[in-house]
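Presented below is the structure to which this report refers.
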Amino acid sequence: MRPGDVGVVAESDGALLGVAFCRLFTSDDHGHGYVDDETPEVAVAVAEGYRGGGLGARLLNELAEAARRAGFLQLSLSVDSGNPARRLYRRLGYRTVSDDESGVRMVLAL
Ligand SMILES: CC(C)(COP(=O)(O)OP(=O)(O)OC[C@H]1O[C@@H](n2cnc3c(N)ncnc32)[C@H](O)[C@@H]1OP(=O)(O)O)[C@@H](O)C(=O)NCCC(=O)NCCS
């Protein structure tokens with residue numbers, strides 16, 4: 001954990017089924033989802049065999065609520081343009097802020 005990290009996990013009978021977390025990066029050290037030093041970047045994954053059942057949406061909604069409570073104003077993420085997860089992010093309120101050969105950058109206002 002680093003200062004500013006926020007995360008949620010989904011478990012069943014002790015097995016980890018999914019995770020969503022966000023972390024702050026800086027202009028000197030960041031990935032494609034970076035928008036600014038105050039906006040944490042989101043990562044999310046659900047275990048194979050459990051995808052498509054609503055867990056990802058629930059994790060992302062819980063993460064957004066936890067990040068809002070922690071005082072953040074927005075979240076960002078990056079996704080490959082062909083990844084079906086893009087639809088999920090759009091449904092949850094993420095808006096595309098850039099779209100180029102290195103991927104799609106999206107932001108959710110909290
Ligand atoms: C993306 C992911 C976290 C979503 O979790 P989930 O529990 O499957 O999501 P939900 O059931 O809440 O929502 C379904 C949506 O997830 C996406 N999805 C479903 N199966 C997926 C898969 N195998 N790979 C990527 N996205 C998938 C689709 O956008 C789907 O929306 P649709 O119904 O409009 O097609 C999960 O599918 C996953 O871990 N995928 C592989 C890793 C990945 O692509 N991570 C995101 C990188 S930006």
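No value in this document is a laboratory result; all are computed from the given coordinates. Please read these numbers as outputs of a predicted model, since none were measured by experiment. Cβ coordinates were reconstructed from backbone atoms using ideal geometry, including for glycine residues, and neighbour counts include every protein chain displayed.
If you check ALA20 against the conditions, is it touching a helix residue (DSSP H, G or I) at 6+ places or on another chain (Cβ under 7 Å), of a type in the set (A, V, I, L, M) and surrounded by 15 or more Cβ atoms within 10 Å (Cβ to Cβ)? Criteria met by ALA20. Of the residues making up region 17-47, those that are within 12 Å of the chain's Cα centre (by Cα), within 15 Å of the ligand (Cβ to nearest atom) and assigned to a loop (DSSP other than H, G, I, E, B) are GLY33, TYR34, PRO40. The condition (being away from the ligand (no atom under 13 Å from the Cβ), outside any helix (DSSP H, G or I), without any contact (Cβ under 8 Å) to a residue 40 or more places away in the chain and not aliphatic (A, V, I, L, M)) is satisfied by just one residue among GLY93, GLY82: GLY93. Could you tell me whether ARG87 is of a type outside the set (Asp, Glu) and part of a loop (DSSP other than H, G, I, E, B)? Taking the combined requirement at face value, the residue does not satisfy it. Looking only at residues in region 3-16 that are more than 14 Å from the ligand (Cβ to nearest atom) and of a type in the set (A, V, I, L, M), the one that is surrounded by the most Cβ atoms within 10 Å (Cβ to Cβ) is VAL6.
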